[in-house]
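Notes for the one structure printed next.
Coordinate-derived values only; no laboratory data. Just so it is clear, the structure is predicted and the values come from calculations on it, not from any experiment. Ideal geometry is used to build each Cβ from the backbone, glycine not excepted, and the neighbour counts take in all protein chains shown.
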Amino acid sequence: MTTPASQDDRPVYDAYVAGRLSAGLAAGVRAGLFDALDAEPRTAEALAEATGTHPRGLRAWLTAMRAGGLVERDADGRWSLPAAVAASAVRGREGSLAGLIDLEVDEFLSPERVLEGLRTGGPCVYDASDPWAEHAADPAKARAFTEAMHAISVRPAAAMAAVAPLEVARSLLDPGGGSGALSLALATRFEQLSCTILEIPAVVPLANEFAADAGLGERVRAVEGSLFADAWPGPHDAVLLSQILHDWSDEEAVRLVARARGALAPGGRLLIHEKLVDDDGAGPLANALVNLDMLVWTEGRQWTPRDLTELLEAGGFGQVEVVPTFGYWSLVSAVRVD
Ligand SMILES: C[S@@+](CC[C@H](N)C(=O)[O-])C[C@H]1O[C@@H](n2cnc3c(N)ncnc32)[C@H](O)[C@@H]1O
């Protein structure tokens, strides 16, 4: 019989403490610690003064974040950020995740929420109501969420556009396109392409702001429309579903693919942009964990290449190709078969 002492407790202990790193990261973003360290390397005292944080709290935070690889200290005791951390945790950097991470302070994926999801099987953030209905009713929530989504999507969008096979496409429909991060990247790469973002009314003006700011207001525009309309406007040469299928049930995914097909011209191309879980479900960890977010926020789940391929082939698509793009992201491309 194995004695308890012969069992390494670290896999469980490491998972137990992992939430502290996430909590420390979110608190550091909210308190402006990453921004202050990016502005200039500082001693702990100078950092406390610049950010209005308590010296004892800051010491605990710096020690924890250093071990997590999120801050560094030089021989003179000055703290700074590794370049990769600065790129993703500092506000205002192109593609920074700071807006997304900041949301964690108010909407942390707590054990309580996961437990509720386990018990009810349904979304429980925003008190079990549809998060998109909450956004429709509260423009501030819609803006915070859309800006956070933009932050997550802007770097993968550029990588996706670099491999997207849209050399001859002239029009693309982007249902649930959010800020338009993906459409903007595609319109930047393909000068012949015009993109239409179909969004809920609360998000339409935000998407049009992003397009105008990018100088692409002529070729990327957002219009009001619903993912659940009987038919989407068309025909288009391409339809893009970026982080849409993972929001909805498998049954709804079948209907979304059917609507995408209906909005495509014969031979048109459907692009699906998602963080996929391997066919055997074993990883990558970051993508598999998103299933918990999907559980508490949405009706959906993270897809695997095999399940997506089956969904697309059953929905009248062929030539399904899965291309890893950036970080944890993949582009799945398929052609409408007639
Ligand atoms: C997970 S976000 C994806 C945003 C964007 N495609 C991206 O990848 O960055 C889902 C988007 O679907 C939009 N959405 C939700 N319900 C919708 C509906 N019924 N009709 C149109 N858009 C909807 C939300 O407003 C949100 O912008």
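Counting 0.36 nm for each residue step from ASP130 to VAL254 and taking away their Cα separation leaves a gain of 42.6 nm.
Where a ≥ b ≥ c are the square roots of the eigenvalues of the C-alpha gyration tensor, would you call region 4-94 rounded, which needs a/c under 1.5, or, failing that, prolate if a/b is larger than b/c, or oblate? It is prolate, given that a/c is not under 1.5 and a/b is the larger ratio. Over all other residues within a Cβ to Cβ distance under 14 Å of ALA162, the charged ones net out to +1, with Lys and Arg as +1 and Asp and Glu as -1. Fewest-first ordering of THR63, THR309 by other beta carbons within 10 Å of each residue's beta carbon gives THR63, THR309. Cβ crowding within 10 Å, taken as a proxy for footprinting-reagent exposure, orders TRP132, TRP303 from fewest neighbours to most as TRP132, TRP303.
Other residues within the sphere of radius under 13 Å centred on the Cβ of ARG91, judged by their own Cβ, net out at -3 (K and R +1, D and E -1). Comparing GLY315, GLY176, GLY52 in a Gaussian network model of the chain, where Cα atoms under 10 Å apart are tied by springs, the biggest mean-square fluctuation is seen for GLY52. Nearest 5 is fine: what % of DSSP beta bridges in the chain come out antiparallel, could you say? Of all bridge pairs located within the chain, approximately 45 percent are antiparallel.
Dividing the summed helix terms, -39500 (n - 2.57) for each DSSP H run of n ≥ 4, by the number of residues in the chain produces a 222 nm estimate of -14500 deg cm²/dmol to the nearest 500. Each listed q (0.09, 0.12, 0.19, 0.21 Å⁻¹) maps to a log10 I(q)/I(0) for region 42-173 from the Debye sum over equal C-alpha point scatterers, namely -0.45, -0.75, -1.17, -1.22. How many angstrom separate the Cα center of region 181-227 from the Cα center of region 296-326? So the separation of the two Cα centres works out to 24 Å.
Arranged from fewest to most other beta-carbon atoms within 10 Å of their beta carbon, SER153, SER6 become SER6, SER153. Seen from a random direction on average, the alpha-carbon convex hull of region 215-316 projects onto 7.8 square nanometres.
Values of log10 I(q)/I(0) for the chain across q = 0.10 Å⁻¹ run -0.66, by the Debye formula with one identical scatterer at each alpha carbon and no solvent. Near ASP250, once Lys and Arg are set to +1 and Asp and Glu to -1 for all other residues with Cβ below 13 Å from its Cβ, the sum equals -4.
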